[in-house]
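Below: one structure, written as C-alpha cells.
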There are 2 protein chains.
Amino acid sequence: MATFELTREYIEKLELGIEQKDEKMLKAEMEELYPADIAWILLELNGEQGHYLLNLVDTEVGADILAHIEPEMRRNFIKEHLTVEEIAKYVNLFDSDDAADLLNEQTIEIREKVIALLDDREQARFIIDLMYYPKDIAGGLMQKELVKVNSNWTVSECVEEIRRQAEDVEKVFAIYVVDDEQKLQGIVSLKQIVLARKNTKIENILDDDIVFVETTAKAEEVADLMQKYDLEAIPVVNTLGRLLGRITIDDVIDFITDKAEEDIQVMSGITGEAEEDDSVWQLAKARLPWLVVGVVGSLLAATVIKSFEDEFRKVAALAAFIPIMGSTGGNVGIQTSSLIVQSLAEKTGITASLWQRLLKIILVAIVNGLVIGALAGTYIYVIGEPELFLVVCFSLLSVVVLASFMGTVTPLLLDRIGVNPAIASGPFITTANDIIGIGTYLLIADLLLNL
Amino acid sequence: MATFELTREYIEKLELGIEQKDEKMLKAEMEELYPADIAWILLELNGEQGHYLLNLVDTEVGADILAHIEPEMRRNFIKEHLTVEEIAKYVNLFDSDDAADLLNEQTIEIREKVIALLDDREQARFIIDLMYYPKDIAGGLMQKELVKVNSNWTVSECVEEIRRQAEDVEKVFAIYVVDDEQKLQGIVSLKQIVLARKNTKIENILDDDIVFVETTAKAEEVADLMQKYDLEAIPVVNTLGRLLGRITIDDVIDFITDKAEEDIQVMSGITGEAEEDDSVWQLAKARLPWLVVGVVGSLLAATVIKSFEDEFRKVAALAAFIPIMGSTGGNVGIQTSSLIVQSLAEKTGITASLWQRLLKIILVAIVNGLVIGALAGTYIYVIGEPELFLVVCFSLLSVVVLASFMGTVTPLLLDRIGVNPAIASGPFITTANDIIGIGTYLLIADLLLNL
C-alpha cells in the first residue's frame, strides 16, 4: 500500500458524509484504511462524529482503532461518548495488556462495571491480574496472551494448542514450554514446529538457553535486553520461575520513543506531555514553570550584579563580559551532563568511578577552557581593554571547570535518588551555571582589579 | 538467565587466562555467555587479547560477536588483527545487511578481496547488491534473506521451501508470496502455515492487504510505518513492485535509538558521536566547535554592550538585567523549537500552515511574556529602580515574542533545506537568541530612557 496521507479535504469529505448520514460512502472509505489510520482521523473529528464513525465499522476494527488512539484523547472520548456496554464490547477483543491500560485510564466505577460485563471471563481475569502492576515495570508491559505447551507434549499436540489459541494470540513469535508446575523450561520457535516431525517430543527440540525477566524488572531494563539480544518477545516469570506472560517488541518500541521524547522535553524545559497542537493555554502552562525558574535565577544574578554597581561605574567594560560567563557556564554544563546522562542510560561496559570521571572531565574542561580563554583574550587585546585580560581569561577557565564539575555531579546524584537525570541538562542547571559563572567572574574581577 | 554484569574482576580473570593461554577455562566461560555479551567484553580487552578470544569460539559465535560490536571499534579491530581470509570466514555467516555494513566500513581493497574469497556465492551477490544503498534509506536497512514462495504453490511446497531456507533465514516472521514475475502479492504467516491443510494453495490463504516500502524510502519513514502498524518485518520492493528484501524490527530499533541519541547530542552542542569513555582529546574536540560558536556569539554581545558603555555609567543598574534578557531569550527559543521539531518528527494528523503556527506561538509567547514581565516588574519595584520598570517589562515581552518567532521559523527552514532541525534547539540558536535578547533590551533602554 502507499502510505496514507491525511488531508484537510479528506476530513471535510468525511464530515459531510457524517452530516448526511451517508453510511455507504463512509463504510467504503473505512474499508480502504487500516485501524491505525482511522485512529488518526478520529483525532481530527469531534467526539460525536468519531462515535458515529466507530459505530459504522466492525467491532474488531473498532477495538483496533481504540487500541491505537493516544491515551489522553481516548480517556475523554470514552468518558463522554461510550456506554459501559460499548466499552465492554471492545475490551472483550483487546489484548490483555492494552485492555488493562484502557481501563486504568477510566474511573474505578467504570472499570468495575466494564469488567463485570465482559463475556470472556478469562479475559476479565487477565485484566484484573494486570491492572495491579505499575506501567514502568515488566508486569505493566506484559500481556497474558501467549501459546504455552508442556515439555512432554508432542509437536502435533503443540499444533493443536496453537489452533485452540489462534484467535486470542494474534502473533505467536515463540511457543513457551513449561513443566507441570508452570515453570518456564524454554522456547520452541514456530519454524521448528513447521520443520519437526509430528511425534517429536517438545522437550527434544526446545531451546532452554533463553532470556526472561521477572515482573518487577524495570521497563528500561526490558528494553535494553530486548534490543541487545534482538528479541521480538520476552517471557515474564514470577520469583518462582512460573510463566506469567510475555512482553512484545511493539510495546517496548513505544516505551523507547516515549522515553526519548520525554528526555528531550525535559532538556528543553517543557513540563508535561506537550504537543504542538495543544491549546494556547496548555502550551503556555507547560512552558511557564521552567521559564519562571529561569527568571528567578536571572533575578538572583541581577541581585549579584547590582551589588557590584560601584565596580561597573568604575570599569564600565566589565558589563560586556557578563553574557560570555553566563552562556559558557550554561553550554559547558549541558554538554557535560548530557554525556553523563547518555552513559547512565547505556550501561555498557564497566562504569568508571566518580573520581576517574571527575579527573577526566576536569582535564577536558582545562583543554576547552584554555582554547576559549585564548579566543576571549585576543578579543580583549583587540578592543583595547588590557586591564581586563587576566580577569576574563582566569574567570573563563574557572567557569568551565566549575560548570563541568556541576554537570558531572548533578546527573549522577539525580540518578542515585531516582530522578530522571536528563533534568540536569535542562533549564534548572543552565540557570544555576549562569549564576555561578557570573558570580565567579565578578568575584575574580573584584579581587584582581582591587575595585 | 540472569542479566550478565560485566565487572573489572571478571575482565582481570579473562586477561590472566589469556596470558596463561588457559584455553579450557576461557572456552568454558565463553560458552556461558551470549555473543552480545562477549562483544562487550571485547571492548574492554586490547585488540590482541580480543583476537585470541575470538579464535577460541566457534565460527558461528565469532560471527555473532562481530555483528554486535560497535562499528568504529570493529573497523579498527578488523583492520589491525584479522586477515582477509578470517574476515571472509565470518562474513560468510553474517546476514547480508550486516555483512554489507561491515564491508562498507573497510577499505575498497579489503572489501574486494573478502568478497572474492566468500564460499557462499549467493551471499556474495547479496552483499554486492546491498553495498550500493546509502545507510539512511530502506535499501540500506534491508536484508536479502527471506522466505519467498510462489502464489500457486501448496502449503507443503511452502514447508519444503522453509526447510531449504532454514539455515539462512534465522527468523522467518512471515513468508512472502510473489507471482511468476517476482512481484509481491501478499504474505502468509507461519501460524497460518502451521494451521492450514497441506494441499491448500497459498493464494487461498495469503493476506494481500500488506504494508511495504520501496528501496528509496527514508529510514525515518520505515521506522514510522513499522511502529504505527506494529510490524516485525516489512518487505522492500523496487519501483516495479518486485520483492528485493525485507527490513527487520531490530535494525529499525537501532535506528530509532541512534536517532534519539543524535538529536540529544545535537541539542546539547556536542559534535560527532561522543561517548563518555572516549579520550580526553576526543571529548574536548567534540565539544569545542559549539563552545567556540557560543564564545564568538557572546563576544558579539560584548561588543553590543560595550557600545552602550556611557549608558551603563549613567544607569549602572541596567547591567543587572543583561542575564535575564539573554537567558529568557535562550530558554523560550529552545522550548519553541523543540516542540516544532517534535511535531515535524511525528508527522501525525494534518499539519497547520506556517501562519496558523506562528499566530498560536505568538499568543503563547504573549501569555508567558506577561507572566514573566509581572515577576520581573515586582522585583524592580522591590529593589527600588522604578525608572527601569517600563524598560525591563517591555523588553522581556519583546524578547519572548522574538525568540518564539525564531524558534518556530528556524527548525521549519532547516527541515525544508534537509538539515536535522534538532540543531535549532542547540547552542547556535541559543546564542543567537542571547544576542537578540540583549540587543533588544539595550535599544529599548536607549529609546525609553533618552540616555
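Nothing in this text is a laboratory measurement; each read-out follows from the coordinates by a stated rule. Remember, it's a predicted structure, so these values are computed and weren't measured experimentally. Neighbour counts run over all protein chains shown; Cβ positions are idealised from the backbone, glycine included.
For residue B:27, the lysines whose Cα falls under 16 Å of its own Cα, not counting residues fewer than eight places away in the same chain, are B:13.
Starting from the label point of residue B:85 at 7 Å along Cα→Cβ, the same points in the other copies fall at 7.9 nm, in ascending order.
Counting each pair of different Cα atoms once, what's the Kirkwood radius of chain B in Å, rounded to one decimal?
Every distinct Cα pair counted, the radius reaches 26.8 Å.
The HN-Hα couplings worked out from phi for region B:316-322 by the Karplus form 6.51 cos²θ - 1.76 cosθ + 1.60 (θ = phi - 60°) are 4, 5, 3, 4, 4, 9, 4 Hz, whole numbers, x standing for Gly and Pro. The lysine pair tally for region A:148-256, using Cα distances under 27 Å and a gap of 8 or more places or different chains, is 21. Ranked by the mean number of other Cβ atoms within 10 Å per residue, highest first, peptides B:100-106, B:421-427, B:77-83, B:180-186 order as B:421-427, B:100-106, B:77-83, B:180-186. Given in Å, the Rg to one decimal and the Dmax to the nearest whole number for the Cα atoms of the protein assembly as shown are 30.8, 97. Amide H to amide H, with H built 1.01 Å from N, residue A:149 comes under 5 Å of A:176, A:177, A:178, counting only residues 5 or more places away or on other chains.
Can you work out D for region B:82-177 in µm² s⁻¹ from Stokes-Einstein, where Rh is the Kirkwood radius over C-alpha pairs, the temperature is 25 °C and the viscosity is 0.890 mPa s? Could you put the intermediate results ahead of the total?
Details: Rh = 14.4 Å.
Taking Rh from Cα pairs, D becomes 170 µm²/s.
The packing ranking, built from the mean of other Cβ atoms within 10 Å per residue, places the peptides B:384-395, A:360-371 in the order A:360-371, B:384-395, highest first.
How large is the Rg to Rh ratio of region A:148-256 when both quantities use alpha carbon positions and Rh follows Kirkwood?
Working: Rg = 14.0 Å, Rh = 14.4 Å.
The Rg/Rh ratio comes out at 0.97.
For residue B:113, a cut-off of 20 angstrom between C-alpha atoms picks up these lysines, skipping any fewer than 8 places away in its own chain: B:79, B:89. Stokes-Einstein, applied to the Kirkwood radius of region A:8-141 over Cα pairs at a viscosity of 0.890 mPa s and 25 °C, places its translational diffusion at 159 µm² s⁻¹. Between the helical axis of B:108-117 and the dominant principal axis of chain B, each derived from Cα atoms, what acute angle in degrees is found, rounded to the nearest 10? Value to nearest ten degrees: 20.
When the helices in chain B are scored as -39500 (n - 2.57) per DSSP H run of 4 or longer and the sum is shared across all residues, what 222 nm value do you end up with, to the nearest 500 deg cm²/dmol?
Values: 22 runs with 296 residues, N = 451.
Rounded to the nearest 500, it is -21000 deg cm²/dmol.
Phi angles across region A:411-418 convert, under the Karplus curve 6.51 cos²θ - 1.76 cosθ + 1.60 with θ = phi - 60°, into 3J(HN,Hα) values of x, 5, 5, 4, 4, 4, 8, x Hz, Gly and Pro given as x. Between residue B:237 and B:213, B:214, B:215, B:244, the built amide H atoms are under 5 Å apart, and every one of these is 5 or more places off in sequence or on another chain.
Within region A:249-364, how many Lys pairs sit with Cα atoms under 26 Å apart, leaving out pairs fewer than 8 places apart on the same chain?
Final tally of qualifying lysine pairs is 4.
By how many degrees, between 0 and 90 and to the nearest 10, does the Cα long axis of helix B:427-449 differ from the longest principal axis of chain B? That works out to roughly 10 degrees. Across region B:88-104, coupling constants 3J(HN,Hα) worked out from phi with the 6.51/-1.76/1.60 Karplus curve, θ = phi - 60°, read 4, 4, 6, 5, 3, 9, 6, 5, 4, 5, 5, 4, 5, 4, 4, 5, 5 Hz, and Gly and Pro carry x.
Taking the C-alpha atoms only, the angle from helix A:354-383 to the longest principal axis of chain A is near 50 degrees. Placing a label point 7 Å from Cα along the Cα-to-Cβ axis, residue A:378 is separated from the same position in the other copies by 4.7 nm, shortest listed first.
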